[in-house]
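Taken together, the values in this text are just the output of simple stated rules run on the coordinates, not laboratory data. Worth saying up front: this structure is predicted, and the values here are computed from it rather than measured. Virtual Cβ from ideal backbone geometry, glycine too; neighbours counted across all protein chains shown.
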Amino acid sequence: MSTLFILDIIGTFVFAVSGVAAAVERKFDLFGTIILAFVTAVGGGTLRDVLLGAKPVSWMNSDLHILVILCAIPVAFFFSKMLRKLRKTFLLFDTIGIGLFTILGIEKALSMGMSPIVSIMMGVVSAVFGGIIRDVLSNEVPFIFRKEIYAFACVSGAIIYLTLLQFNMAVDIAMIISVVVVIAIRLLAMRYAWSIPFVPYANRKK
Amino acid sequence: MSTLFILDIIGTFVFAVSGVAAAVERKFDLFGTIILAFVTAVGGGTLRDVLLGAKPVSWMNSDLHILVILCAIPVAFFFSKMLRKLRKTFLLFDTIGIGLFTILGIEKALSMGMSPIVSIMMGVVSAVFGGIIRDVLSNEVPFIFRKEIYAFACVSGAIIYLTLLQFNMAVDIAMIISVVVVIAIRLLAMRYAWSIPFVPYANRKK
Amino acid sequence: MSTLFILDIIGTFVFAVSGVAAAVERKFDLFGTIILAFVTAVGGGTLRDVLLGAKPVSWMNSDLHILVILCAIPVAFFFSKMLRKLRKTFLLFDTIGIGLFTILGIEKALSMGMSPIVSIMMGVVSAVFGGIIRDVLSNEVPFIFRKEIYAFACVSGAIIYLTLLQFNMAVDIAMIISVVVVIAIRLLAMRYAWSIPFVPYANRKK
């Protein structure tokens, strides 16, 4: 429980930082920036909770997530120059957040009696829909639909996590292993420019 | 009940196929394609369930819908060439899905104690919001807002369905009649290029 | 209660008018116009209710809101020419709606046991997300993210409202004062072209 809680706070913080960076890039004003920070940080978990019927959505049960996000905004600015130059570091944070949220989403869905397949979906939804909603609100095609393979990283981590639990591994250790796998796949994918294109029509034309 | 169930599965399948086609057209990668297949297939019903407060949303109660959608993806590719050439056949499938989902949405809303007007709205939401969310995620103005009259087909089918029930017609027969009406209106509309433009300002300018 | 109810109906009406105006500007057909009227009028409150877990969302408990919105559509057309020329009057209606919905959202969240911070957020969500969803469905960057300070007006009104309640002011009077504050800030902002830009990166570049 305690591990889940800490992961949740860290994931929320790094996603909020990522939302601020996106808002600045798109020249949003202060309000737009706050909204984008919130949507990126809690959008995936909110969609998961709404689909599961959790009432109210989890981050509204206390003020903690709100305060974490509000703190992330000035931090994002303080480190803005650094974030800009260190794009890879920024993507690392983003990747950690994705790994954490995948596991959190699975745990929540399992605890609400969902099947393993639905739980994997809820893990992926938690991890990627914050970014998807961020992109939709910014009037862009979600980045993840075109160039990213981190969804593949998410799904792999989710399946590994459920498999480890099946073999009675301790939850905390299974979590750490799965998050590390998600991060490793994503970083390797970025390093070697992996991608999973989907061009069967083009192929058939030849 | 059994009829409703079969309609639901067929509708889910044809909507997923329609989502795959849209994703391919937009050059999404595998993950984007899967998301678009899901969103198109279950987006309308999900929004309906979220608005009604069904917990969790209906397709998450079993793995069946997920499996139907995952099966629709390779099928959509297998028939991709055909789908491309037979655009009308494809629109026929889409239209069948719309008719089915309208009736399903009304039934669900009525069963949860909603008024006839709210139930008609929920029928239309079930039928059209999968496509609206698909278009929003693809960064496009929803097709249905500009050139389509299938919303009119939906609403007509919904009203006919409720009227037939009022006259104590058997649910199964009322359903079949209503779905056929929806399909007929849509096909006639496509054949004769019906549309309901809305240009009162332009008219007044003259 | 009665005051809240009347505010709700007025707010719904003016937001629906604003949705019709947006739809006409974007050349949507009749169905697109109806959807945009609904989304603008009840979108913010719907998101608030979904996040809070209200079941079903409040406007679906009766046909009243639906009828108000359906009435607003012809009215919006009847006054369309006037609305176009009197852009400021139109913005005034919009501002009234925003003030009303902010207070309604806070009240709903407080009544469901949310913290003051969460309640302020729910007030702002009620007030601004109708317009945000309207813009997203129209494939535009939400207006409020770039050029508007009415979010600031909302937040100010929300904080004043909660402060007045803290000092045991009667709910009705606190409401009226807060709504007037929201309207005053927005109108002053428009008059003097206030804005809260957010360009720290640009500043640092110098």
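Cross-link pairs exceeding 18 Å in C-alpha to C-alpha distance, out of A:Lys27/A:Lys81; B:Lys108/C:Lys108; A:Lys108/B:Lys108; A:Lys27/B:Lys27, comprise B:Lys108/C:Lys108; A:Lys108/B:Lys108; A:Lys27/B:Lys27. Packing-based ranking of C:13-24, B:44-55, B:159-170 yields C:13-24, B:44-55, B:159-170, ordered from highest to lowest mean Cβ neighbour count within 10 Å.
For B:Glu140, inter-copy separations between label points set 7 Å beyond Cα along the Cβ vector come to 2.1, 2.1 nm, shortest first. In this assembly of identical copies, the label point of A:Thr3 (Cα plus 7 Å along Cα-to-Cβ) is separated from its counterparts by 5.3, 5.3 nm, sorted shortest first. Cβ-to-Cβ counts within 10 Å put C:Met60, B:Met112 in ascending order as B:Met112, C:Met60, the fewest first.
Shortest first, B:Asn61 label-point distances to identical copies amount to 2.5, 2.5 nm, with the label point at 7 Å from Cα along Cα→Cβ.
Shape class of the range B:98-192 from the alpha-carbon gyration tensor: oblate, with a/c at 1.5 or above and b/c at least as large as a/b. On the principal axes of its alpha carbon atoms, the range A:2-196 extends 48, 42, 28 Å, with the longest extent given first.
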